[in-house]
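*Asks:* Here it is, the structure in full.
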Amino acid sequence: MTAIEAIRARRSIKKFTAAPVPREKIELLLELAVLAPNNRMTAPWRFVVLGPEARAAYGRAIGVRKSRKVEDPASAQTVRDRALADAVGGPLMIAVVQKLADNLEIREEDYAACWMAAQNILLAAPEVGLGTHVRSGAVFGDATVTEAWGVAAGERVLGVISIGEPESVPDAKPRAGAAERTTWLA
Ligand SMILES: Cc1cc2nc3c(=O)[nH]c(=O)nc-3n(C[C@H](O)[C@H](O)[C@H](O)COP(=O)(O)O)c2cc1C
């Protein structure tokens with residue numbers, strides 16, 4: 001698979017099989033992640049590979065957030081139970097954590113570098129038979145999540161990459177074409 005093919009074929013995978021992901025494949029993807037461009041070579045990233053116990057913290061936190069919108073206590077409990085079961089029983093996840101530089105310009109560069117590292121994982125995964133889905137959101141700043149994942153003060157969870165064998169691959173979503181978003185200057 002060429003880089004062009006990998007970029008064209010990449011999708012956010014919604015359904016994964018229950019097949020476990022071999023550790024060597026995750027190690028390979030992380031090795032590729034840290035080859036991302038990185039101004040000043042700050043190595044601003046840290047990756048936390050989340051097994052079922054670590055994912056439970058996320059499942060509980062997302063369940064609490066979702067259930068706030070549900071008035072009936074029994075239904076709210078069902079929402080929490082489902083969120084927990086989905087997280088624990090779902091695919092492996094890798095949390096992408098940024099070390100926050102004091103200098104705001106460097107912090108911004110580092111933020112971009114962390115997502116570039118994440119993109120390396122997304123683009124390389126299909127070559128080893130894996131699919132991915134990246135997620136971000138306020139839940140990853142919840143203290144229950146950051147404590148469970150060992151995220152230190154001065155670090156931020158940017159998001160998580162769900163990763164596993166795809167059960168199905170969605171069609172490409174319609175997108176604005178590049179020509180519409182491009183200006184050529186003399
Ligand atoms: C920074 C970032 C955050 C994202 N967060 C979420 C999310 O919270 N939930 C979700 O379902 N998808 C999330 N996505 C995936 C996008 O929704 C997805 O890329 C988009 O719908 C296009 O689909 P495709 O990836 O299959 O091309 C995120 C993507 C990026 C780049």
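*Asks:* G150 versus (1) surrounded by fewer than 16 Cβ atoms within 10 Å (Cβ to Cβ); (2) on the phi < 0 side of the Ramachandran plot: which is the lone unmet condition?
*Replies:* With (1) surrounded by fewer than 16 Cβ atoms within 10 Å (Cβ to Cβ); (2) on the phi < 0 side of the Ramachandran plot applied to G150, the lone miss is (2).
*Asks:* Okay, moving on. Out of all the residues in segment 9-40, which are within 26 Å of P170 (Cα to Cα) and either part of a loop (DSSP other than H, G, I, E, B) or β-branched (V, I, T) (or both)?
*Replies:* R10, R11, I13, K14, T17, A18, A19, P20, V21, P22, I26
*Asks:* Would you confirm, using the coordinates I've provided, whether A18 is among the small types (G, A, S) and under 20 Å from S162 (Cβ atoms)? Even if it seems obvious, please write down each step before you answer.
*Replies:* Details: among the small types (G, A, S): yes; under 20 Å from S162 (Cβ atoms): yes.
Against the criterion (among the small types (G, A, S) and under 20 Å from S162 (Cβ atoms)), A18 qualifies.
*Asks:* Sticking with this structure for a sec: Would you pick out the residues in segment 66-92 that are farther than 15 Å from V160 by Cβ and of a type in the set (D, E, K, R)? Let's see the steps before the verdict.
*Replies:* First, the residues of segment 66-92 that are farther than 15 Å from V160 by Cβ: 66-82, 84-85, 89.
Correct list: K66, R68, K69, E71, D72, R80, D81, R82.
*Asks:* If you don't mind, another one. Considering segment 70-92 alone, what residues qualify as being closer than 26 Å to T17 by Cβ and loosely packed, with under 13 Cβ neighbours inside 10 Å?
*Replies:* G89
*Asks:* Quick one: which residue in R23, R8 is more than 16 Å from the ligand (Cβ to nearest atom) and without any contact (Cβ under 8 Å) to a residue 60 or more places away in the chain? Full working, then the answer.
*Replies:* Details: R8 fails: more than 16 Å from the ligand (Cβ to nearest atom).
None of the other options fit; the residue is R23.
*Asks:* Being within 18 Å of the chain's Cα centre (by Cα) and within 17 Å of V145 (Cα to Cα) narrows it down to one of E27, E31, E53, so name that one.
*Replies:* E53
*Asks:* Additional query: Just checking, which of E155, E180 is out of contact with any strand residue (DSSP E or B) (no Cβ under 6 Å at 6 or more places or on another chain), over 13 Å from R11 (Cα atoms) and more than 16 Å from the ligand (Cβ to nearest atom)? Show your work before the answer.
*Replies:* Numbers: E155 fails: out of contact with any strand residue (DSSP E or B) (no Cβ under 6 Å at 6 or more places or on another chain).
The conditions single out E180.
*Asks:* Looking at (1) closer than 15 Å to G159 by Cβ; (2) surrounded by fewer than 19 Cβ atoms within 10 Å (Cβ to Cβ), which is the only condition I106 fails?
*Replies:* (1)
Each value in this text was obtained by applying a stated rule to the coordinates, not by laboratory testing. Given the structure is predicted, the values throughout are model-derived calculations rather than measurements. Glycine gets a Cβ as well: all are built from the backbone with ideal geometry, and neighbour counts include every protein chain shown.
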